[in-house]
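Below is one structure, written out as C-alpha cells; the observations come after it.
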Amino acid sequence: MKLYNELASWWPLMSPHTEYEEEAELYLEIIRRYHPDIQKAVEFGSGGGSNAFYLKRNFSMTLTDLSPEMLEVSRELNPDCEHIQGDMRYLDLGDEFDLVFIHDAITHFTDKADLLEVMQNAKKHLNEKGILMIMTDQFEETFKPVTDHGGIDQAKRGMRYLEWTYDTDPDDHKTETEYVYVLRNEDGGIAREFDRSESGLFSMPEWEELLAQAGFQAHFERVEYTEVEGNYFAIVATQL
Ligand SMILES: C[S@@+](CC[C@H](N)C(=O)[O-])C[C@H]1O[C@@H](n2cnc3c(N)ncnc32)[C@H](O)[C@@H]1O
C-alpha cells in the first residue's frame, strides 16, 4: 500500500495514536488474564506504533515492521523502543519474549501458508510460558462490508480519507478495501491519492487449526469498543 510506503508520513494524520488508547487498554486486560507477568514483548507489524505507545507503559516492547518508512513514523512516537525492520514471516531477532503481539498487520495475508509461517515464527520468539496475541479485524463469521472516514489537521498539513471494505467473492478467503485520500500540504496545495489493499478472511475454526499446526491452542476473546460497532474477537494463543 502507498500508505505504508511513499505516503507513510501522512499516517499520524489518518490514524492519530490518541485513537488507540481504549483498544490498547482492552488488549492489555486480555493479555494479563493469560499472562499476568509480561516483562518483555515484541510486536510484529507495529506500523506507526500507536498501540505500542500505550502498551509500552506496562512492559518493554521491541517494534518490528516490513516498512522502513512506517518504522520511521513509529520512532518519532516511541523513541524509547528498539525498532527493527523485517517481514514477520522470516524475521529472526535471536531472542525470546513473554508476548508476541500482532495487531491488524496480520490481515494483509490472504494465504494460509503465510499465516502458518507467521505463527511458527511467533512461536520461535516465545519463551516457555510466552503467549501470542493476534488482533485480526475480521473473521468469516463476523465480517460485514463497512465504510469509514476520518483524518485530522496537524500544524499546516491536513488529511481526510474515505475507505470502503467489501467482499467480492465469498469463496476466495479475502476482502478488498479501496481508499481515497485528500492531502493538504504545508503550502496549502491539495493532492488526491487512491490506494487499495486486500485482507485475509478466514473462519475461527481455520485460525484454530493453523494455530494448532504451529503448536498453539487458540482462545477467542470478545473485544467491545465503545465507539465501534460490530463483533470483534482477539485470539490469544497459548503454547501446547
Ligand atoms: C495498520 S499498520 C499496524 C498498526 C499498528 N499495529 C499500530 O498499533 O499502530 C499495518 C502494518 O503492517 C505492516 N506489514 C504488512 N505486511 C507485513 C509483513 N509481512 N511483515 C511485517 N509487517 C508487515 C505494514 O508495513 C504496516 O506498517
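Which ones in region 119-138 are of a type outside the set (Asp, Glu) and surrounded by fewer than 19 Cβ atoms within 10 Å (Cβ to Cβ)? Walk me through how you get there before you give the answer.
Restricting attention to region 119-138, the residues satisfying the condition of being of a type outside the set (Asp, Glu) are 119-127, 129-136, 138.
120, 123, 124, 127, 129, listed by residue number.
Considering only region 62-70, I want to know if a residue exists there that is within 10 Å of the ligand (Cβ to nearest atom), among the acidic types (Asp, Glu) and more than 13 Å from the chain's Cα centre (by Cα). Before you say what the answer is, go through the steps one by one.
Taking region 62-70 first, the residues within 10 Å of the ligand (Cβ to nearest atom) are 63-70.
From the residues that got through so far, the ones that are among the acidic types (Asp, Glu) too are 65, 69.
Remaining after also requiring more than 13 Å from the chain's Cα centre (by Cα): 69.
Checked region 62-70: at least one residue is within 10 Å of the ligand (Cβ to nearest atom), among the acidic types (Asp, Glu) and more than 13 Å from the chain's Cα centre (by Cα).
I'm checking my understanding of the structure. Among residues of region 156-186 that are in contact with a His (Cβ under 9 Å, 6 or more places away or on another chain) and either charged (D, E, K, R) or loosely packed, with under 13 Cβ neighbours inside 10 Å (or both), which one is farthest from residue 138 (Cα to Cα)? Step by step, filter region 156-186, then rank; the result is 160.
Any chance region 78-87 includes a residue that's touching a Lys or Arg at 6+ places or on another chain (Cβ under 9 Å) and in a strand (DSSP E or B)?
Yes: one or more hits.
Among residues of region 87-100 that are of a type in the set (Phe, Trp, Tyr), those with a Cβ under 8 angstrom from a residue that is outside any strand (DSSP E or B) and surrounded by fewer than 19 Cβ atoms within 10 Å (Cβ to Cβ), sequence gap 6+ or separate chain, pair up as 90/117. Would region 220-230 turn up any residue that is open to solvent by less than 70 Å² (accessible area, probe 1.4 Å) and of a type in the set (Phe, Trp, Tyr)? Within region 220-230, one or more residues are open to solvent by less than 70 Å² (accessible area, probe 1.4 Å) and of a type in the set (Phe, Trp, Tyr). Inspection of region 71-83 finds no residue satisfying the criterion of being more than 13 Å from the chain's Cα centre (by Cα), away from the ligand (no atom under 13 Å from the Cβ), polar (S, T, N, Q) and at negative phi. The one condition from (1) at positive phi; (2) over 15 Å from the mean Cα position of the chain (by Cα) that residue 45 does not meet is (2).
Kindly establish whether residue 105 is among the hydrophobic types (A, V, I, L, M, F, W, C), open to solvent by 60 Å² or more (accessible area, probe 1.4 Å) and in contact (Cβ under 8 Å) with a residue 24 or more places away in the chain.
No; evaluated as a whole, the condition is false for this residue.
Do we find a residue being in contact with a Ser or Thr (Cβ under 9 Å, 6 or more places away or on another chain), of a type outside the set (Val, Ile, Thr) and not in a helix (DSSP H, G or I) anywhere in region 62-75? Yes.
The values are calculated or read from the model by the stated rules, or taken from the named source; none is laboratory data. Treat the numbers as computed from the prediction; the structure is a model and nothing was measured. Cβ: placed from backbone, ideal geometry, glycine included. Neighbour counts: every protein chain shown. Keep in mind that these areas ignore ligands, DNA and RNA; they rest on the heavy atoms of the full protein, side chains included. Shrake-Rupley method; radii C 1.70, N 1.55, O 1.52, S 1.80 Å.
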